[in-house]
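The values are calculated or read from the model by the stated rules, or taken from the named source; none is laboratory data. Model, not experiment: these values are computed from the prediction. Glycine also receives a Cβ, built like all others from the backbone with ideal geometry; neighbour counts cover every protein chain displayed.
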Amino acid sequence: MINNRRSTAVIRGLLAATVLLGTVVAPGAPARADEETPAGPPRVELVLDVSGSMRARDIDGRSRISVAQQAFNEVVDALPEETQLGIRVLGATYKGKDKKVGCQDTQQIVPVGPVDRTQAKAAVATLRPTGFTPVGLALRSAAEDLGSGATARRIVLITDGEDTCAPPDPCEVARELAAQGTKLVVDTLGLAPDEKVRRQLLCIAGATGGTYTAAQSADELTGRIKQLVDRARDTYTAAPAVVGGSARCPDAPLLAPGVYTDRERFSEHRWYRVPVRAGQELRASVSIALDRPVAPDHGVLLRATAPDGRELVRGVDAGSGRTDVVSAGLRWSADADAEDADEARDADDAEGGETPAPGGVDAAPTTVCLVVSNAFAPRPGTRATPGMPIELTVDVVASSPAPAGPDLGRGWWLLVLLTLAGLATGLVAGLLTRWWVATWREN
């Protein structure tokens, strides 16, 4: 059973993850994603299911629609001023039985724009559960409502049931939107613990890189809200910068720390370069959005190599045996190469050879080649173009020192003291036991 407070918190968490601003990287090296001018304020559209099933009174004795309305009111009050919000509903007006007519029942009741809290609340307050559930059509229409351009956009779909009107199938619509490279993310929230609904909402969210949330227990709800709050706090303020990886390292774009987006075809390798100085550590991660049907066994591999092809490190999931990997990450410190160079210099000194330049903060940066590879295979009839959306995050920070071996430090004194105390306790216990046995025998 989920109550109004839980739904309110989950919806607030989903909407809190919407502050993503668009940008496109201009030609140049290194490309930067964190210094671009934001393309515009975040644009969000709430898509609310108002079909007949929302009349069910199974949330603390209240109807699902009344809980959603109260939750939405609280979310609207908490929205940042710069957010441009729109509202679209489905199944809200047609009361008849003609499915052909009912499956066209979706309207935008508040246009996307600066938040008018009074207008938004009034529009939602008048909604009454009525008709069918054309989720696919509503998603396609919501994408049109949000428009195009460089600004990242987000749809928050709140529903308690699966689409009853396909075609268009909502999963196919989500894949269609993702394949267009529209910087559109769909987050889904299920108000009913139904397996078919869960699968459909997971499919919609996964295709666009969004999130799916179902509040079925207090523990699940608490954990998910914490994740959403952390995501909202850590979300970058610019949308991923568009970058084009190359087929080999020498031709790859040079990247500065930031978040980038690209597209990769099935079983392709795409290369990027990152400069890393001694005393610095490269941290990189990549994820691929499944915007179309693929074979069940697949994987993503992220590797860092030297320009000469020598592998430096590979993603943490490499060799794990998993066959469902859609993301990977790695860490590599330039100090490792500096130590190798120092060892080579010492060896050359001993042999009278040439001395390579020592590592250090003043040395020239090491160019690290990042290569993103995938082992995805399309299902029969699945299109191969355009490539699947990938998001690459690059960061360069001060090196974290490797942990030293176990060392008790002053704990040695405590260990000695405990050992002596144990010996003394054993000795006393032994003496008392012998005394007790001797006394028992005499009696």
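The table below lists the values:
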quantity: Which listed residue, of A207, A174, is modelled with pLDDT of 80 or more, among the small types (G, A, S) and under 23 Å from A384 (Cα atoms); calculated: A174
quantity: Test for A142: is it buried (at least 19 other Cβ atoms within 10 Å of the Cβ), touching a strand residue (DSSP E or B) at 6+ places or on another chain (Cβ under 9 Å) and more than 26 Å from L177 (Cα to Cα); calculated: no
quantity: Subset of region 243-260 [touching a Lys or Arg at 6+ places or on another chain (Cβ under 8 Å) and among the β-branched types (V, I, T)]; calculated: none
quantity: Some residue of region 271-286 being touching a Gly at 6+ places or on another chain (Cβ under 8 Å) and at pLDDT 90 or above; calculated: yes
quantity: Pairs with Cβ under 8 Å, 6+ apart, first in region 279-295 and within 22 Å of G258 (Cα to Cα), second modelled with pLDDT of 80 or more and not in a strand (DSSP E or B); calculated: I288/F376
quantity: Of the criteria (1) surrounded by fewer than 17 Cβ atoms within 10 Å (Cβ to Cβ); (2) at negative phi; (3) modelled with pLDDT under 85, which one G149 fails; calculated: (2)
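Yes/no matrix, rows are residues, columns are (1) at pLDDT below 75; (2) touching a strand residue (DSSP E or B) at 6+ places or on another chain (Cβ under 8 Å); (3) surrounded by fewer than 21 Cβ atoms within 10 Å (Cβ to Cβ):
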| residue | (1), (2), (3) |
| --- | --- |
| T23 | yes, yes, no |
| P27 | yes, no, yes |
| V47 | no, yes, no |
| G61 | yes, no, yes |
| S66 | no, no, yes |
| P80 | yes, no, yes |
